[in-house]
Amino acid sequence: MSRGGESDKIPTVGEYRGIGLHNHQDAERLALVRREIDTVFDLDDIALLVEVCASPEWSPESRLLAAAKLKARHQLAAEDRLTRPAFDMDYVIACTGSLDSQYWRSPTHFGSLIEPGRGPHEQGLVPRAVPLDEERIRR
């Protein structure tokens with residue numbers, strides 16, 4: 001869903017457990033992202049992983065990890081000629097495909113400009129303390 005391939009990827013400021021940590025986040029936010037990554041690493045329930053992918057209150061990094069775990073399960077089942085897990089891979093891609101894109105990066109929230117819609121009583125994207133301007137998004 002990104003528009004520029006590798007050059008469109010959001011720059012990282014390091015890695016945690018092999019997951020790139022997106023730039024323009026303060027130390028407190030990065031600590032939260034690390035905790036969420038730990039939580040997703042421990043999840044094995046397919047329904048919960050899909051829920052994380054679709055939930056904009058989770059960090060983009062943890063949602064991308066959940067999607068990667070689901071994709072790996074899907075691919076392993078296909079390679080071993082087993083029944084594929086019961087989830088919609090297209091839905092997972094739709095929920096997470098723009099989360100690592102500078103082009104679609106929200107300047108005001110942690111997430112994408114093209115997030116799936118939320119219900120009236122559901123939490124949406126987490127707002128940034130300091131919005132990104134166009135120049136900061138591209139760095």
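The values are calculated or read from the model by the stated rules, or taken from the named source; none is laboratory data. Only a predicted model underlies this, so the values are computations on that prediction, with no experimental measurement involved. With ideal geometry, Cβ positions are generated from the backbone for all residues, glycine too; neighbour counts draw on all protein chains shown. With ligands, DNA and RNA removed, areas are computed over all heavy atoms of the protein, side chains included. Shrake-Rupley method; radii C 1.70, N 1.55, O 1.52, S 1.80 Å.
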Open item on the list: Need one value: the accessible area of S62 in square angstrom, 1.4 angstrom probe, rounded to the nearest 10.
Closed with: 0
TODO: Quote to one decimal, in nm, the extra length available between A94 and E57 on full extension: 0.36 nm per residue of separation minus the C-alpha distance between them.
DONE: 11.7 nm
- [ ] Sort all Cα-Cα distances of the chain into consecutive 10 angstrom bins from zero, then give the percent of pairs in each bin up to the one containing the longest distance.
- [x] 12, 42, 35, 10, 1
Open item on the list: Between A27 and T108, what is the label-point separation in nm under the 7 Å Cα-to-beta-carbon projection?
Closed with: 3.0
Open item on the list: Once neighbouring chains are kept in place and the probe is 1.4 Å, which whole percent of the accessible area of the chain is contributed by carbon and sulfur?
Closed with: 53
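With every protein chain kept in place and ligands, DNA and RNA left out, what is the accessible area per residue of the chain? Probe 1.4 Å, answer in Å². Don't skip to the end; give the middle numbers.
On the way: 7940 Å² over 139 residues.
Accessible area per residue: 57 Å².
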Task: Centre separation in Å (Cα based) which lies between region 2-53 and region 96-111 - done: 12
Open item on the list: Can you sort E122, E36 by solvent-accessible area, 1.4 Å probe, largest first?
Closed with: E122, E36
Open item on the list: For region 25-89, what are Rg and Dmax over the alpha carbons, in angstrom?
Closed with: 13.1, 45
